[in-house]
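Below you'll find the structure, written out as structure tokens, and then a few comments.
The values are calculated or read from the model by the stated rules, or taken from the named source; none is laboratory data. Here the structure is a predicted model, which means the values were calculated and not measured. Cβ coordinates were reconstructed from backbone atoms using ideal geometry, including for glycine residues, and neighbour counts include every protein chain displayed. Just so you know, the surface numbers come from the protein's heavy atoms only, side chains and all, with ligands and any DNA or RNA stripped out. Shrake-Rupley method; radii C 1.70, N 1.55, O 1.52, S 1.80 Å.
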Amino acid sequence: MDNAGGKQPPHTRPNGPSPWVARFAGLARKGSRVLDLACGGGRNGRLFLARGHPLTLVDRDVGHVQDLKRETGVEIIEADLESGSPAFEGNGSFAGRRFGAIVVVNYLHRPLLVPIVEAIEAGGLLIYETFARGNEAFSRPKNPDFLLRSGELLELVRGRMQVVAYEHGLIADDGCSGVKQRIAAVKDTGGAARPDGEPPPHPLHPD
Ligand SMILES: C[S@@+](CC[C@H](N)C(=O)[O-])C[C@H]1O[C@@H](n2cnc3c(N)ncnc32)[C@H](O)[C@@H]1O
């Protein structure tokens, strides 16, 4: 990978994972397959691979994760997630598949939001973090199609997943300042293991 002169797009540089992803990666069940959707250079997926998870990476440009193609358990899928068959239906890349965790960072295509949640297996994890309304004042993206509305990720998982953590606001902890919204949620609302039907608690700082 040529990074001469720092000209390489930031999302393809081999930076470390998002701090939000790193904080909640430990909520993924041991050994479960993780999907890093719109993976770029795969910085977030690489964290899960290092933690022993099989890993599926998808992007329309998978040139920046080719170094992982011979790693055990790694699947690399080149796909345009916004055209052709919907990714999680029919002949789409992920039709009928379920994942132990799905991680999406700095990418938004609204038609995929509900299918992403549906593709998480029981007990599985969603970590989603991307730009939100208000970011227009700071940097790209500025198009509202690519900016989450206040509470949008909470609405997405309501009744489907237990929210472990949620934030929305101005942050500068992932290499660029901006307004972001981020969530970590576990699909364990249906188990009713407790007499009151409440899902079990999870550590807020998992190992
Ligand atoms: C800002 S980067 C984020 C990369 C990575 N998630 C990260 O946090 O480092 C957005 C990624 O979305 C991918 N992407 C954008 N539109 C896409 C599409 N229609 N289908 C598949 N991937 C797409 C880009 O190729 C790029 O790698």
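Sub-7 Å Cβ pairs linking a first residue in segment 30-41 that is at positive phi to a second residue that is outside any strand (DSSP E or B) and more than 6 Å from the ligand (Cβ to nearest atom), at least 6 apart or interchain, are GLY31/GLY52; GLY31/HIS53; GLY40/THR12; GLY40/HIS64, ordered by first then second residue. Scanning segment 86-108 for residues that are open to solvent by 60 Å² or more (accessible area, probe 1.4 Å) and on the phi < 0 side of the Ramachandran plot yields a count of 5.
Could you tell me whether any residue of segment 64-77 is closer than 20 Å to PRO111 by Cα and open to solvent by 70 Å² or more (accessible area, probe 1.4 Å)? Looking for residues that are closer than 20 Å to PRO111 by Cα and open to solvent by 70 Å² or more (accessible area, probe 1.4 Å), one finds none in segment 64-77, hence no.
Taking the numbered list (1) open to solvent by 80 Å² or more (accessible area, probe 1.4 Å); (2) in a strand (DSSP E or B) in turn, PRO195 passes all entries but (2).
The number of residues in segment 18-29 being in contact with a strand residue (DSSP E or B) (Cβ under 7 Å, 6 or more places away or on another chain), of a type in the set (A, V, I, L, M, F, W, C) and more than 9 Å from the ligand (Cβ to nearest atom) comes to 4. The number of residues in segment 129-171 that are aromatic (Phe, Trp, Tyr) and in a helix (DSSP H, G or I) comes to 1.
The residues in segment 179-203 that are within 20 Å of GLY151 (Cα to Cα) and more than 18 Å from the chain's Cα centre (by Cα) can be counted, and the count is 1.
Could you please give the count of residues in segment 30-53 that are open to solvent by less than 30 Å² (accessible area, probe 1.4 Å) and away from the ligand (no atom under 11 Å from the Cβ)? Residues flagged as open to solvent by less than 30 Å² (accessible area, probe 1.4 Å) and away from the ligand (no atom under 11 Å from the Cβ) within segment 30-53 amount to 5. For segment 179-190, the candidate set comprises residues that are open to solvent by less than 60 Å² (accessible area, probe 1.4 Å) and out of contact with any Leu (no Cβ under 9 Å at 6 or more places or on another chain); within that set, the residue that is modelled with the lowest pLDDT is THR189.
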